[in-house]
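The values are calculated or read from the model by the stated rules, or taken from the named source; none is laboratory data. Computed from a prediction, not measured in an experiment: that's the story for all the values here. Positions of Cβ are generated from backbone atoms using ideal geometry, with glycine treated the same way; all protein chains shown enter the neighbour counts. Keep in mind that these areas ignore ligands, DNA and RNA; they rest on the heavy atoms of the full protein, side chains included. Shrake-Rupley method; radii C 1.70, N 1.55, O 1.52, S 1.80 Å.
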Amino acid sequence: MNVVVDIYGGDYAPEEIIAGCIDAIRKNEGFDVVMVGKEDEIRTILKRYPIEEYLNRIQIVNASDVITNDDVPTVAIRNKKDSSLVVALDRAKSDDQCMGLVSAGSTGAVLTGAFLKIGRIKGIQRPALAPVLPTVNDKNVVLIDCGANVDCKANMLAQFALMGTAYAKSMLGVKSPRVGLLCNGTEDKKGNALCHETFALLKELPINFVGNMEAREILSGDYDVVVCDGFWGNVALKSIEGTVGTIMTMLKKEMMTSLRSKIAASMLKKNFKNLAKKIDYTKGGGAPFLGVEKVVIKSHGNSKACTICGSIMQVVNMYRSKLIENLKNELNAGVAAGSSQD
């Protein structure tokens with residue numbers, strides 16, 4: 001089995017992407033990595049590493065072109081057929097031994113390409129990005145959607161709830177995930193027309209829907225899945241990332257204001273390091289694009305080796321946990337429940 005990696009996607013490609021692939025192979029067994037990109041450059045970079053014992057686990061597929069953030073996603077996917085992303089998508093689609101794909105490239109191009117090239121799971125209207133965030137009780141919460149679909153209908157959000165539930169069961173080990181609908185208040189009648197319609201649909205699904213919730217509760221630990229459209233999900237995600245970064249910066253400055261605070265900071269150094277690890281989104285990998293026929297991980301554009309390594313292991317773990325099969329089962333259960341209501 002193998003994981004296909006777009007070597008030229010991301011701000012630090014190709015060096016950091018290749019380094020992440022090597023880290024994944026060195027630290028884990030049971031899979032190969034297919035590196036897709038400019039073959040001569042990839043081989044030159046690989047020579048810098050003492051990896052003779054791992055060479056049999058590395059495949060290189062040549063692709064001479066690159067899709068950039070300046071390209072229009074749909075046009076690039078159709079016209080740049082020899083780009084690293086398009087070739088990687090084609091390989092992931094056609095290779096029965098492929099567990100999934102990782103790219104840190106243009107978000108729009110990765111999502112458009114996965115939608116057009118790999119294809120949707122039957123019955124899914126729109127796939128969705130679903131990052132996993134840490135909570136205050138040392139557990140995790142799935143935020144779906146966080147940017148793939150900025151304009152949504154209620155039945156799309158209902159499918160996001162089903163996919164998020166399947167993900168939380170398969171990957172987080174939650175038996176009955178608590179699903180909340182992101183809203184401007186917790187009362188049942190709160191929200192806009194989309195929230196009202198979605199609320200009614202979620203109540204009828206075979207999921208543990210616990211009602212509306214506010215953005216300030218996303219990291220509370222009271223929810224396992226948070227459902228929203230891609231516009232507000234992306235706003236919420238970026239707000240969380242920005243707020244966490246700002247607080248950490250302010251805390252560091254405050255700790256340096258006096259001798260007493262510096263002494264206290266030195267005593268709490270280990271605690272601060274543990275906290276930094278918990279909230280560091282670069283360690284775990286990227287966000288899965290749920291709803292397509294193979295596992296696709298969209299890694300951060302600024303991904304370095306540790307993030308790419310984490311993204312590769314996300315693919316491996318999701319494949320081994322039969323995530324795609326579980327998504328299909330959850331969707332079928334939701335369709336059956338909807339039919340029984342007719």
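Amide H of LYS298 versus every other amide H placed in the peptide plane: which residues, excluding those fewer than 5 positions away on the same chain, fall under 5 Å?
Amide H neighbours of LYS298: ALA287, PHE289.
Of the chain, which part is the longest with no GluC sites (Glu not before Pro) in a loop (DSSP not H, G, I, E, B) and with at most 11 other C-beta atoms within 10 angstrom?
Numbers: sites that count: GLU29, GLU187.
Result for the longest clean stretch: 30-186.
Which percent of the accessible heavy-atom area of the chain goes to carbon and sulfur, probe 1.4 angstrom?
Numbers: 8450 of 16580 Å².
Roughly 51 percent of what the probe reaches on the chain is carbon or sulfur.
Which of [x] 40, 25, 20; [y] 33, 29, 18; [z] 31, 25, 20 is the computed semi-axes √(5λ) of the Cα gyration tensor in Å for the structure on display?
Given [x] 40, 25, 20; [y] 33, 29, 18; [z] 31, 25, 20, the calculated one carries the label [y].
For segment 38-120, what D do you get in µm² per second when you plug the Kirkwood radius from alpha-carbon pairs into Stokes-Einstein at 25 °C and 0.890 mPa s? Before the final figure, lay out the partial values.
Working: Rh = 13.8 Å.
Roughly 177 µm²/s, to the nearest whole number.
How large are Rg and Dmax for segment 110-161 when calculated on the C-alpha trace, in angstrom?
12.8, 39
Could you tell me the convex hull volume per residue, in Å³, taken over the Cα atoms of segment 153-304?
Numbers: hull volume 22.4 nm³, N = 152.
Per residue, the Cα convex hull of segment 153-304 comes to 147 Å³.
Trypsin sites (Lys or Arg not before Pro) within segment 181-213: which are DSSP loop residues with at most 14 other Cβ atoms inside 10 Å? Provide the component values of the computation, followed by the final result.
Values: sites: LYS189, LYS190, LYS203; in loops: LYS189, LYS190.
Sites meeting the loop and neighbour criteria: LYS189.
Show the residues, 5+ positions off or on another chain, whose built amide H is closer than 5 Å to the amide H of ASN208.
VAL179
May I ask you to give the average projected area over all directions of the convex hull of the Cα atoms of segment 121-209, in nm² rounded to one decimal? Don't skip to the answer; put the middle values down first.
On the way: hull surface 24.8 nm².
In nm², the orientation-averaged hull projection of segment 121-209 is 6.2.
Which whole-angstrom value gives the distance between the alpha carbon centres of segment 41-103 and segment 188-209?
Using only Cα atoms, the two centres lie 41 Å from each other.
Short version: what are the Cα gyration tensor semi-axes of segment 236-332, square root of 5 times each eigenvalue, largest first, in whole Å?
Values: eigenvalues 284, 36, 28 Å².
Each semi-axis is √(5λ); the values are 38, 13, 12 Å.
Just to check, using Stokes-Einstein with a Kirkwood Rh over alpha carbon pairs, what's the diffusion coefficient of segment 1-41 at 37 °C and 0.692 mPa s in µm²/s? Write down the numbers at each step before the final one.
Values: Rh = 10.5 Å.
Stokes-Einstein gives a translational diffusion coefficient of 312 µm²/s.
May I ask you to give the solvent-accessible area per residue for segment 144-289, in square angstrom, as obtained with a 1.4 angstrom probe?
On the way: 7900 Å² over 146 residues.
On a per-residue basis, 54 Å².
For a quick size check, give me the Cα extents of segment 275-328 along its three principal axes, largest first, whole Å.
Answer, in whole Å and largest first: 36, 22, 14 Å.
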